[in-house]
Structures are given as C-alpha cells and as structure tokens.
1. Roughly what would the spin-label model give for residue 400 and residue 386, points 7 Å off Cα along C-beta, in nm?
2. Could you tell me whether the stretch 228-380 comes out rounded, prolate or oblate from its Cα gyration tensor? Rule is a ≥ b ≥ c as square roots of the eigenvalues, rounded for a/c under 1.5, then prolate if a/b exceeds b/c, otherwise oblate.
3. Would you please put 17-29, 57-69, 260-272, 385-397 in order of how densely packed they are, using the mean number of other Cβ atoms within 10 angstrom per residue and starting with the highest?
4. So if we plug the beta-carbon distance of residue 196 and residue 344 into 1/(1 + (r/R0)^6) with R0 = 30 Å, what FRET efficiency do we get, rounded to 0.05?
5. Using only Cα atoms, locate the centre of the stretch 17-37 and the centre of the stretch 337-404, then give the distance between them in Å, rounded to an integer.
6. Just the ratio, please: alpha-carbon radius of gyration of the stretch 152-195 over 2.2 N^0.38 Å, N its number of residues.
7. Pick from 51, 276, 120 the residue whose mean-square fluctuation is largest in a GNM of the chain, springs joining Cα atoms under 10 Å.
8. Add -39500 (n - 2.57) for each DSSP H run of 4 or more in the chain, then divide by its residues: what number comes out at 222 nm, to the nearest 500 deg cm²/dmol?
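None of the figures in this text is laboratory data; all of them are computed from the coordinates on show. Small disclaimer: the values here were computed from a predicted structure and weren't measured. In this analysis, Cβ positions are derived from the backbone assuming ideal geometry, glycine residues included, and neighbour counts consider all displayed protein chains.
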C-alpha cells in the first residue's frame, strides 16, 4: 500500500457532544440603606415614635466557563447573567398611652413597599427582565394590665405579611407566581414575680392565609415550587419559669405545647410510568418541621463570683419532613445536653473580658434536626426517599470577648 498523508482539509470534522469543563458561579452583592426615627414623650401619658427605613439590594448573578477540554467558547465566557434588584421601603408609627392604674395600651402601624426587578419567565416561557411591586399594611395593637402582687396580664393582636422569595419569582410565570403570605396573630399572656422566682404563660393563635410550602408540584416552567396553602394555623401555649435556689444556684426553663395544622393539603407525586403527576388530598395535617413540643431547661451554678457553670438540656419532639403527617417521612424527637463555662473579669482598660468554653452534645446523642423527602411512582410502585442531616457528636467550642 503506498504511503500518503491526509491534508488538514481532507480530515473529516469530529462532532463533540460532551466535554469536561470548569465553571464558576458568582454572586456580587451590594446592599445599602438608611433608617430614621423621631421620638416624642410628653410629661403626661402619651409617647410615640415615627420612623421608617429604605434599603436596596443589588445582586449580580453570573457564571463563567474558565476552562474547557474542547474549547468552543472564549475563556471566562459568561454562560448566564442575571442582575436582581430588591427595594424595601417602610414607614411606621408607634404610640403608647398610660391610662393610669397600671393600664397601658399601644398601637403600631406600618406600611411596607417591596419591589423586585429580576430575570424571569413570561407567559410565553421567554426569560425576560420583569418587575413586581408589593404593598403591605401591618397593624398591631395591645393592652397591658399590672395587677397587685407583681402580676401582669397582656393581650395583643397583629397582622403581618411576608413576600415570596426571589426563587419563587424567577422559577414561575405571571400565571403561576405565588401570592404573599398573611398572618393574624392573637396572644394572651400572664406573668407573676416573687423575690426569687417568676412564672409566665402565653397562649397564642396564628392564622395563616396563603402560607408558602413545598408540595412537590411542578409549575408551568417545569420547576418544583412552593405553593400557597389557603388556610393553616399554629396554636399553642408557652410556659416559662425561673427560681433562685440559694445564692449560687439558679434554675430556668421553658416549654411549648402546640398544634400546627394545614386545613387542606394537596401532595403532588411524579408519575414516571404515565408521565405527569398524581395528586393526594389530605385534611388537617401537621405543618412540616413544626414539632408539637419544644422545651429547654438550664441549671446554673456560680461557685465564686463571675464564674458560672451551666448545664443546658433541650428537647424537640417529632417533626415531619413534609405536610402529610406520614410517620415514615419524619424526624424522631431528640434530647441534647450542653455544658457551658463562663468566666468574666477585667484587666486595665478592658472593662469586661469574657472567657467561654462550651461542651456541646455532652452525652454524644445521635440525632437529625433537619432533612428532606420526595416520592415518585416507577414500575407501578411508589417510592419515598428520605435524606437526613446528622449532627456532630460531642464537640467543643471556646471563645473570648473583650469590652473596653
């Protein structure tokens, strides 16, 4: 066979469908703003504050290709570029009036404007720059009554709103974009104090409209989104107490019992056999990551002045990974103990030096306070996969603080 060489022009082109590459994703943040307030206090019974604030966040979200095995783009090529701007403006007034005889009333009125500018999908599924403006009115009022023998009653009612996050906007169209959350909170409390002890109880009911939760639902651009739940609530009672046992020992604790419910919940599960999603309906289920019982107790001992040993015990009951109240998709309750040693002293110009040593998870408990779950149907069977975030066993932390 005769020898010959192919010229470059005769070599057939090679199509490269995959390549190794190195990319970097960047977030360049700028945040600035101002706050202001004017205080007024009369010599009689009225005092009030008028104030507000304005701030703006500018975030440049971009990605660069810094190396490719088979280069088809220039070095440091920006393969996406998304500038986001969030403007937050609020004005408020707070007033307090002393009626005498231990009766005080307050009112707090706030107007808040939130503006977003972001790269998101329009109804034609084109990625274009968009703007969204939200306006909220957040009122709050309350009454405090001082009773004989160092007792106190208080009642408050408030309305609050929370806007969707940036991802809620960018991963949806105008048709599927979620609404802002609204909460009405009512609280009634009681406190009693003695020379060496105190107890308190606070009952609350938080009613939500359009609470945003993950349901497994896919929106019209194919993204898993948080969806609005029409009605949900949190109701419970918080108990607290503290007592000095002699001059060197102190005990303090708090405990919360609650019910945290979604009135109606629709779960969406991917159906890989037939395509699309199936929907499961639930009534009166637990809100995810909302334990029904949470408690803490601290026993402190001060053998010498300014040296304090504290043993801290914490308890969290079972939590659910989603809103179905399915025990197979939950985090077990857990209890942890921490030891904290704190010593304060002063030297020269340093008015206060604080030395802290913490021994966390003293009994080396194995627990997971967080995780996530998802389900799908494949080959005629539903599979649920749970993932957990285990916490460290016994661990140590030290610190020092200096105040001049």
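1. Computed distance between label sites residue 400 and residue 386 equals 4.5 nm.
2. Note, shape of the stretch 228-380 comes out prolate.
3. Ranking, from highest mean packing down: 260-272, 57-69, 385-397, 17-29.
4. The computed FRET efficiency comes out at 0.85.
5. Measuring centre to centre over Cα atoms gives 28 Å.
6. Against the empirical 2.2 N^0.38 Å value, I get 2.03 for the stretch 152-195.
7. 276
8. 0 deg cm²/dmol
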